[in-house]
Amino acid sequence: MHTIPRGPLTLAAFLLFGCATQNQPRSVNDEGSRREGPVDDYIHAVMEKNHVPGVAVAIVRQGKVERISTYGAADLESEAKVGPETAFQIASATKVFTGTLVMLLVQEGTIRLDDPISKYLPDAPEAWKAITVRHLAAHASGLKDDPGDQNDAAASVAARYEAAKKAPLAYVPGERSEYALTDFVVLTHVLETVTGERFEELLKRRIFQPLGFSCTRFEHATQEGLARVADVIPRRATIYRLENGTQKRAWFLYPAHAYAAGGMFSCVKDLARWAVAMDEGTLLTPETQAVAATAFKLNDGRAGEFGVAFGVGRLRGQATFGHSGGGALADVLRVPDQKLSVIVLTNEQRLLPLLAPNIASMHMPPLPGVAAPGIPDADPALTAAHRAVVEGLLQGTLDAAAFAPSAKEQILPSVRSFGTPGNALQPPLRKLVLLEDRKAGEPGKRVYRAIYGEDTSLRWVFDLDAAGKILDFNYAWE
């Protein structure tokens with residue numbers, strides 16, 4: 001699955017990490033006056049069709065906050081409305097701040113991205129000698145994940161580091177890019193060892209306080225027997241998940257050792273300040289941002305899916321970076337050449353991270369060549385099956401018959417938790433154009449351009465077994 005519009009990511013990896021309300025959506029700009037337009041129409045439709053209680057949107061361009069809009073309910077029990085300082089759980093979008101912090105330390109010379117981590121952690125195992133700071137930040141280190149152990153909320157960063165040292169590498173460093181938590185636990189240990197400060201304190205001192213943040217923090221939640229105990233988060237948005245037509249409270253429990261990877265609460269007001277600082281170059285210089293947003297080069301020369309903690313990709317032909325979290329609890333997208341940032345926060349888990357790029361597209365010219373015919377299609381029946389998957393992911397109508405046995409077990413249970421009838425996240429799918437059809441070897445591969453509405457374009461990639469059944473699939477903006 002695709003976490004963000006900055007490059008593809010497998011469905012299984014993404015999903016391991018991440019009835020309509022009676023309150024009418026409202027739109028408020030930063031002067032407090034009502035504003036209606038394409039962005040409002042889009043958000044209203046998404047909320048209605050996907051049963052989203054509340055949304056907050058910020059648009060920053062050329063260092064100016066062009067818009068802060070809030071819609072609907074932050075909490076269905078109290079009927080509290082979403083406001084500019086409503087604190088949403090942003091899940092993996094926390095990596096926006098982690099990437100910023102890492103690059104601040106790089107910018108000032110405290111660490112170097114291509115140094116081996118053994119320079120900063122002398123007790124690192126011999127097997128880790130090829131792992132660099134950049135490997136960790138790009139999910140390309142080869143360190144093995146053990147989600148069961150990592151969910152121990154009482155474990156410290158140092159304890160999780162010691163546990164990671166005992167595990168064999170899952171793959172050769174730089175061989176591939178796999179979305180993983182252990183990379184960021186070890187990255188946290190590097191940052192804390194080098195600076196002598198706890199990760200949270202580094203974020204506060206280097207980013208939150210200088211930018212005047214007022215609603216960005218962690219909840220320090222733990223599970224104590226039958227009770228979940230957490231800090232009070234002022235103006236917290238309650239997170240919901242629709243199950244059998246009924247809204248249920250549901251939010252992610254992040255152990256403290258995982259905070260570099262996720263768990264932050266933040267608001268559009270604070271995130272807009274971060275975007276302004278990025279535009280102005282007062283936090284990271286344009287040159288430093290360019291390094292952060294450059295895709296990691298894998299050992300075989302291919303571009304990976306991440307820069308320095310940021311996801312990277314393209315939108316309407318232009319480079320982007322940012323991150324999403326929890327499905328679409330948060331989506332932060334920057335188009336650096338346009339100095340355009342779009343931030344969308346929601347409190348509904350059954351969404352895919354499509355909102356920020358669709359809103360950004362409203363402010364960008366169409367992608368040239370989107371109507372190109374593609375290659376001849378020798379198997380239109382297979383294309384029809386893949387079209388049904390592309391549409392079914394959003395509509396909640398995925399057919400298990402199209403999937404290989406392994407995918408039925410590992411992917412379908414998760415992806416079926418997304419999508420609702422009449423889903424308005426994307427315009428209607430107008431055309432599916434075949435771009436690549438690789439039959440030799442296994443897995444086979446089919447690549448399509450999906451054109452939604454007039455000019456919205458996503459590239460879909462299907463990995464297939466020898467029988468033509470889907471092993472995995474992902475999507476990326478073009």
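Just to confirm my numbers, what's the Cα centroid distance between segment 164-233 and segment 435-478 in Å?
Comparing the Cα centres of segment 164-233 and segment 435-478, I get a distance of 34 Å.
Could you tell me which of 50, 65, 403 has its Cα farthest along the dipole of the chain towards the positive end, charges placed at Cβ (Lys, Arg +1; Asp, Glu -1), taken about the Cα centre?
Sorting the options by dipole projection puts first 65.
Can you spot the aspartates and glutamates whose alpha carbon is less than 18 Å from residue 129's alpha carbon? Ignore those fewer than 8 places along the same chain.
List returned: 114, 115, 162, 175, 183.
Determine the principal axes of the Cα atoms in segment 358-478, then give the extent along each, sorted from largest to smallest and rounded to whole angstroms.
42, 33, 20
Check cross-link reach from residue 408 to the lysines: straight Cα distance under 25 Å, and skip same-chain residues fewer than eight apart.
In chain and number order, the partners are 144, 439, 445, 469.
At 10 °C and 1.306 mPa s, grab the translational diffusion coefficient of segment 254-408 from Stokes-Einstein with a Kirkwood Rh over Cα pairs, rounded to a whole number in µm² per second.
Taking Rh from Cα pairs, D becomes 87 µm²/s.
Ranked from highest to lowest mean number of other Cβ atoms within 10 Å per residue, what is the order of the peptides 297-303, 420-426, 94-100?
So the peptides 297-303, 420-426, 94-100, ranked by packing, come out 94-100, 420-426, 297-303.
For the chain, with equal point scatterers placed on the C-alpha atoms only and solvent neglected, what are the log10 I(q)/I(0) values from the Debye formula at q = 0.13 1/Å, to two decimals?
Log10 I(q)/I(0), no solvent term: -1.27.
Pull up the cross-link candidates among the lysines for residue 81, meaning alpha carbon to alpha carbon under 23 Å and not fewer than 8 places away within one chain.
Answer for residue 81, where 23 Å is the Cα cut-off: 49, 248, 269, listed by chain and number.
For the pair residue 119 and residue 455, how long in nm is the line joining their label points, each one 7 Å along Cα→Cβ?
Calculated label separation equals 4.6 nm.
Multiply the residue gap between residue 362 and residue 78 by 0.36 nm, knock off their C-alpha separation, and tell me the result in nm, one decimal place.
98.8 nm
Considering the options 220, 325, 169, tell which one lies farthest towards the positive end of the dipole of segment 1-365, charges being +1 on Lys and Arg and -1 on Asp and Glu at the Cβ, about the Cα centre.
Of 220, 325, 169, it is 325.
Bear in mind these aren't lab numbers, they're just calculated from the coordinates by the rules spelled out. Given the structure is predicted, the values throughout are model-derived calculations rather than measurements. For neighbour counting, all protein chains shown are included, and Cβ atoms are generated from backbone atoms with ideal geometry for every residue, glycine included.
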